[in-house]
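**Q** Quick one: this structure, given as structure tokens, is what I'll be asking you about.
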Amino acid sequence: MITESKVTELFCMADDFCKFFDAMMEKYTITTKAKRPYYRNSTMSKAEVMLIMILFHDSGYRCLKHFYLEKVCKHMRHLFPKVVSYNRFVELKRNVAIPLALFIKKVLLGKCIGISFVDSTPLRVCKNQRIHIHKVFKGIAQRGKCSMGWFFGFKLHLICNEKGEILNFMITPGDVDDRKPSKYKAFVEFIYGKLVADKGYISKSLFECLFVNGIQLITKLKNNMKGA
């Protein structure tokens, strides 16, 4: 469980990152239109919204709305004095998706301790029956197959250590082979020792690629891993 002192520390880190991110966006983004006349600034900062999302995923709550209304607005009000309505928070959450992903990637990743685990999970954007009428991710999302069957969307590839800390992650279209991200040097750059995966990662070329980087790939059937 994250303590209040840790929450304060995370907020300071997130706030510093947001200031740097906003400065870079202002420097390199080409603006063609002025702000809309009805645009209004939020009383909650980007760092606060990012921090709430991080706390939600660490809390064990399964419903963001319940976590926000019951935990944040009632029991953590002294840490977030300028809370907004839940509908407004959902709007703000969308705006911090990119800086939150970059913040996690650059600041919050764990450290490899010699034993790591890699796997992927589907990110479905719609039901299979709606593939042909889906427009939000048209041309980006793709059909793929996982242990639960066919899906339409993306794949989230994760590497974590034996403590459950995320070491790296990558999002690809759904039709990308699970073994492909593991061949990218940037994905396994800080991984060493043993990398445990299921049988979907068996590949001679992948073994040779990881062997050069000093990583031993151990493939095991999921059923055997559960029964161990």
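The values are calculated or read from the model by the stated rules, or taken from the named source; none is laboratory data. Remember, it's a predicted structure, so these values are computed and weren't measured experimentally. Please note: Cβ atoms are built from the backbone with ideal geometry, for glycine as well, and neighbour counts cover all protein chains shown. Quick note on the areas: whole protein, heavy atoms, side chains included, nothing else; ligands and nucleic acids left out. Shrake-Rupley method; radii C 1.70, N 1.55, O 1.52, S 1.80 Å.
**Q** What is the distance in Å between the Cα centroid of segment 58-119 and that of segment 128-168?
**A** Each part reduced to its Cα centre gives a spacing of 21 Å.
**Q** Amide H to amide H under 5 Å from Q142: which residues, 5+ apart in sequence or cross-chain, H placed 1.01 Å off N in plane?
**A** G153, G174, D175
**Q** Something else now. Share of Cα-Cα pairs in segment 131-171 beyond 16 Å, in percent?
**A** Roughly 52 percent, rounded to a whole number.
**Q** Now for a separate question. Report, to the nearest whole %, how much of the accessible area of the chain belongs to carbon and sulfur atoms, 1.4 Å probe, protein only.
**A** 57
**Q** Another question, then. Pop a pseudo-label 7 angstrom from the Cα along the beta-carbon direction at both C73 and E162 and give the gap in nm to one decimal.
**A** Placing both labels 7 Å beyond Cα along the Cβ direction yields 4.4 nm.
**Q** Could you give me D for segment 37-77, from Stokes-Einstein at 20 °C and 1.002 mPa s, where the hydrodynamic radius is the Kirkwood radius over C-alpha pairs? Units µm² s⁻¹, please.
**A** 191
**Q** Let me ask something additional. Tell me the net charge near G144. Cut-off is 9 Å between Cβ atoms, G144 excluded, with +1 for each Lys or Arg and -1 for each Asp or Glu. Intermediate results must be reported in sequence, preceding the final value.
**A** Numbers: positive: R143, K145, K155; negative: D175.
In short, +2.
**Q** Could you order peptides 75-82, 165-172, 151-158, 54-61 by the average number of other Cβ atoms within 10 Å of their residues, highest first? Write down the numbers at each step before the final one.
**A** On the way: 75-82: 12.4, 165-172: 17.4, 151-158: 20.1, 54-61: 15.0.
Output ranking for 75-82, 165-172, 151-158, 54-61: 151-158, 165-172, 54-61, 75-82.
**Q** In whole Hz, what ³J(HN,Hα) sequence does segment 89-99 give by Karplus (6.51, -1.76, 1.60; θ = phi - 60°), x for Gly and Pro?
**A** Ordered by residue, 3J(HN,Hα) equals 5, 4, 5, 5, 4, 5, 6, 9, 4, 5, x Hz.
**Q** With just the Cα atoms of the chain, tell me how far they stretch along each of the three principal axes, in Å, largest first.
**A** Taking max minus min along each principal axis of the Cα atoms, the chain gives 58, 46, 38 Å.
**Q** Same structure, new question: With point charges of +1 on the Cβ of Lys and Arg and -1 on the Cβ of Asp and Glu, referenced to the Cα centre of the chain, which listed residue (S5, F89, G60) lies farthest in the positive direction of the dipole?
**A** In the chain, that residue is F89.
**Q** With the other protein chains left in place, how much accessible area per residue, in square angstrom, belongs to the chain at a 1.4 angstrom probe?
**A** Values: 15420 Å² over 228 residues.
The answer is 68 Å² per residue.
**Q** Efficiency by 1/(1 + (r/R0)^6): what FRET value for I113 and N213, r their Cβ-Cβ distance, R0 = 22 Å, to the nearest 0.05?
**A** Efficiency, rounded to the nearest 0.05: 0.85.
**Q** Below 24 Å, Cα to Cα, which lysines can K185 reach? Residues fewer than 8 away in the same chain don't count.
**A** List returned: K105, K106, K111, K155, K163, K194, K199, K204, K220.
**Q** I've got another one for you. Restricting to DSSP H runs of at least four residues, report the calculated mean residue ellipticity at 222 nm for the chain, -39500 (n - 2.57) per run over all residues, nearest 500 deg cm²/dmol.
**A** For the chain, the value works out to -9500 deg cm²/dmol.
**Q** Among the trypsin sites (Lys or Arg not before Pro) within segment 112-148, which fall in a DSSP loop and have no more than 15 other Cβ atoms within 10 Å of their own Cβ?
**A** K127, K135, K138
**Q** Using the Cα centre of the chain as origin and beta-carbon charges of +1 (Lys, Arg) and -1 (Asp, Glu), tell me which of N41, N168, A197 is placed farthest towards the positive end of the dipole.
**A** Positive-end residue among those listed: N41.
**Q** Counting only Cα, what are the radius of gyration and maximum Cα-Cα distance Dmax of segment 151-199, in Å?
**A** 11.3, 34
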